[in-house]
1. Go through the stretch 74-100 and report how many residues are closer than 14 Å to residue 21 by Cα and at pLDDT below 90.
2. Restricting attention to the stretch 50-59, and to residues there that are buried (at least 20 other Cβ atoms within 10 Å of the Cβ) and in a loop (DSSP other than H, G, I, E, B), which single residue is modelled with the highest pLDDT?
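The values are calculated or read from the model by the stated rules, or taken from the named source; none is laboratory data. Because the structure is a prediction, the values reported are computed rather than measured. Note: ideal-geometry Cβ built from the backbone for every residue, glycine included; neighbour counts use all protein chains shown.
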Amino acid sequence: MHKLRAVFRAPNQAAEVLSRLREGNADYVARGGTTLRTSINLEALEQTDPIAAVVMCSDMHAVPEQVFGLSPGELCVMQTAANYVGEGEVAGAALACAHGVELVIVLGHSPCQIAAACEETDEGAFGAAFRELRLSREELCCNGTSLLHPEVQIAQTHASRMAEILRRDLGLDSEIIVVAAYLHGPTGEVEFL
């Protein structure tokens, strides 16, 4: 069992990690977005602390470590319906931060089966996630935003809203960076919002 610690890596580590993730994603995109990483960083498998945390949708058909050019174990991954951030995700992110993570990414995508279901059915088991998706859509429409690519724009707005909720609910100091991002499915490119 690992002892929790509230010690953070060197200052500005989050910026370096974000840079590493962007470079890893550029490499992933350059390889066509579908090539599996064949080399495993054995050192990363032995490390106990991930370098970043990712909240992503449970129907996203991507392996986040591959998307960012990392090895298994280098990310703390939390998958939820429509990358919804509730108490469990806040607790998971807080635990990752207690283990030294200084960067948390809320990663949206489209098409999202859960977002599509939000349009077609009552809330049911997805209650809170559906309400948040509808609020994201309403936020776009109320701002007078022209929805040229509604699935993409709603997913981006929703990821940004969930990142803001996570940032607020973590209540941590400014050493922790919470960012929203969007995964472009066809290319594998991650756009940081």
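1. Within the stretch 74-100, residues that are closer than 14 Å to residue 21 by Cα and at pLDDT below 90 number 1.
2. Top of the filtered list is 51.
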